[in-house]
Amino acid sequence: ALNRLLLEAPYMARCSDDKTATRVRPREYALRYPYMQVNRPGMVSWLVFDLDHANALAWDDAGLPAPNL
């Protein structure tokens, strides 16, 4: 699934070392940054959740389906 995500990412993806994603780079270079745009403009193919809290299983507590990656 991760390979599919990378193949469907925009060729010129927004990326950055922080959450501003101010740089625009080709996908191969954007992969080197911790923050990278994975959805193409005008489309939502992926929902990305950054779980930085103690309860990483909050999705399960809320009765949601398990993440696929």
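Throughout, read-outs are computed from the coordinates displayed, never taken from laboratory work. No experiment lies behind these values; they were computed from the predicted model shown. Positions of Cβ are generated from backbone atoms using ideal geometry, with glycine treated the same way; all protein chains shown enter the neighbour counts.
Here the chain is assigned +1 on the Cβ of each Lys and Arg and -1 on the Cβ of each Asp and Glu. Its dipole about the Cα centre then comes out at about 480 debye. For Cα extents along the principal axes in Å, which listed value, [x] 46, 26, 20; [y] 30, 23, 19; [z] 38, 23, 21, comes from the coordinates shown? Recomputing Cα extents along the principal axes in Å here picks out [z]. Per residue of the chain, the DSSP helices (runs of n ≥ 4 H) give a summed -39500 (n - 2.57) that works out to -4000 deg cm²/dmol at 222 nm.
Compute the signed sum of charges (Lys and Arg +1, Asp and Glu -1) over the other residues within less than 15 Å, Cβ to Cβ, of residue 45.
Cβ neighbours under 15 Å give a net charge of +2.
Under the criterion of Cα pairs below 8 Å and six or more residues apart, the relative contact order for the chain equals 28 percent.
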